[in-house]
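Comments concern the structure below.
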């Protein structure tokens, strides 16, 4: 498996506005941020402050109204839609509050969905998925359906799926939001551990002070500004 580590992330003056009948709704107001490989950041702040919108723009799921985003020195929004989708699949891994597993697919099949997004699944991919499930403590649950797994186990499958293409940028949106306190800490420690192992950039949007403390560096979103 080829590693596509992003060595840097840079945002300069990023705004996000949505049209309304009266005047544009401004969600992000001139956000700037610079990170390099191996760095981790927790983004905290109240609901509606723009945290998830910022994460979606960093993850290329949404476009800024103005300002620039560069991942490893490249502007992903200059790519065609097809090339952008491939760039996203190779360089960025996502872990959301909702695990978004396909209920009809086994744990290992859900992990392999990340590979299907960019090509055919080969034997090496299956072996890599098996290793990742072992890494998150679910090797013995590879053939189980999501409905047969606990909430924490489903989130660990989602982490393995996010790591399958060896992304250099790992983005987490409330990854412990639906879990009990003990499972939340286990998932938080796992995310940080695997990010360090892969020397990946990690950004987590969270209301969890525990997760923010474990990450060690926090910035706060307030009224669309990153403080």
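The values are calculated or read from the model by the stated rules, or taken from the named source; none is laboratory data. Fair warning: this is a prediction, and the values are worked out from it, not measured in the lab. Every residue, glycine among them, receives a Cβ derived from its backbone with ideal geometry; neighbour counts consider all protein chains shown.
Structure notes:
- The set of residues from region 42-53 being over 12 Å from the mean Cα position of the chain (by Cα), part of a helix (DSSP H, G or I) and within 12 Å of residue 204 (Cα to Cα) comprises just one member, 51.
- Residue 218 passes every criterion in (1) within 24 Å of residue 128 (Cβ to Cβ); (2) surrounded by fewer than 20 Cβ atoms within 10 Å (Cβ to Cβ); (3) touching a helix residue (DSSP H, G or I) at 6+ places or on another chain (Cβ under 6 Å) apart from (1).
Here is a yes/no grid of residues against (1) within 12 Å of the chain's Cα centre (by Cα); (2) at pLDDT 90 or above; (3) in a helix (DSSP H, G or I):
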{"position": "143", "(1), (2), (3)": "no, yes, no"}
{"position": "147", "(1), (2), (3)": "no, yes, yes"}
{"position": "154", "(1), (2), (3)": "no, yes, yes"}
{"position": "158", "(1), (2), (3)": "yes, yes, yes"}
{"position": "161", "(1), (2), (3)": "yes, yes, yes"}
{"position": "171", "(1), (2), (3)": "yes, yes, no"}
{"position": "175", "(1), (2), (3)": "yes, no, no"}
{"position": "179", "(1), (2), (3)": "no, no, no"}
{"position": "182", "(1), (2), (3)": "no, no, yes"}
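- Test: residue in region 106-125 that is more than 24 Å from residue 177 (Cα to Cα), exposed (fewer than 15 other Cβ atoms within 10 Å of the Cβ), touching a strand residue (DSSP E or B) at 6+ places or on another chain (Cβ under 7 Å) and touching a residue at least 40 places away in the same chain (Cβ under 8 Å): no
- Test result for residue 83, touching a strand residue (DSSP E or B) at 6+ places or on another chain (Cβ under 9 Å), over 13 Å from residue 203 (Cβ atoms), surrounded by fewer than 16 Cβ atoms within 10 Å (Cβ to Cβ) and free of Cβ contacts under 8 Å to residues at least 12 places away in the same chain: no
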